[in-house]
Amino acid sequence: MTAQRGAFLVLGLHAASCGVDTARCPAPSELSSTVAPATTADVQAILVRDCALGGCHLRAPGAGGLVLDVTSTAWRDAVVGVAAQQNPAMALVAPGDPDHSWLAVKISGELCGMACDPALGCGAQMPFGSPLSEGDRATIVAWIAAGAR
C-alpha cells in the first residue's frame, strides 16, 4: 500500500472512530505511487511558490495562525509536531505519519468527515483557489512519510 493510499484510509477510519458521519463523503483520491524520496529543500520550494505568499502564510498573523519563514529551513519548526488550529487532535506535520498530518489533509482537500474545531471549522483545500499538482502533493506526503527531515 502506498503512503498516500494508507493516509486516506487511516484518515477515513480516524474520522469514523470519532463519531463523524462519513457516509456522504466521496471516496478518497489516490496519488501516484511512483514518487521519488523528497527532501526538505523539495518541500521548501513548493512552499515558496504556493504557500508563503502575501495573503496566506508569508507573515503574521498568517492564515490559520501559520507563518512560514521560507528564507531558511526555519519553517519546519512552525509545522513539525505543532498542533493544527482547525484540528487540534492532529499535528500539522507528524513526522513519519502522513495519516495524522493536517498538512496532508489540507493539501488533499479530503476534509469530509474530519472532526474539526467547531468554532473554526475545517476550512478549504490549500492552497486556496489553486490546488497543488498531484506531483507536489505526493512530494509533500513522501517528505512527511520519510520523517519530515
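Each reported figure results from applying straightforward, stated rules to the coordinates on display, with no laboratory input. These figures come from a predicted structure and were not determined experimentally. Virtual Cβ from ideal backbone geometry, glycine too; neighbours counted across all protein chains shown.
Would you pull out the residues with amide H under 5 Å of residue 101's amide H, same chain only if 5 or more places away, H placed 1.01 Å from N?
94
Once the other residues with Cβ under 14 Å from the Cβ of residue 144 are scored (Lys, Arg +1; Asp, Glu -1), what is the net sum?
Around residue 144, the surrounding residues sum to 0.
In whole Å, largest first, what are the principal axis extents of the Cα atoms in region 41-149?
In descending order, the Cα extents are 34, 29, 24 Å.
Based solely on C-alpha atoms, express the radius of gyration and the Dmax of region 40-87 in angstrom.
Both quantities, over Cα of region 40-87: 10.1, 27 Å.
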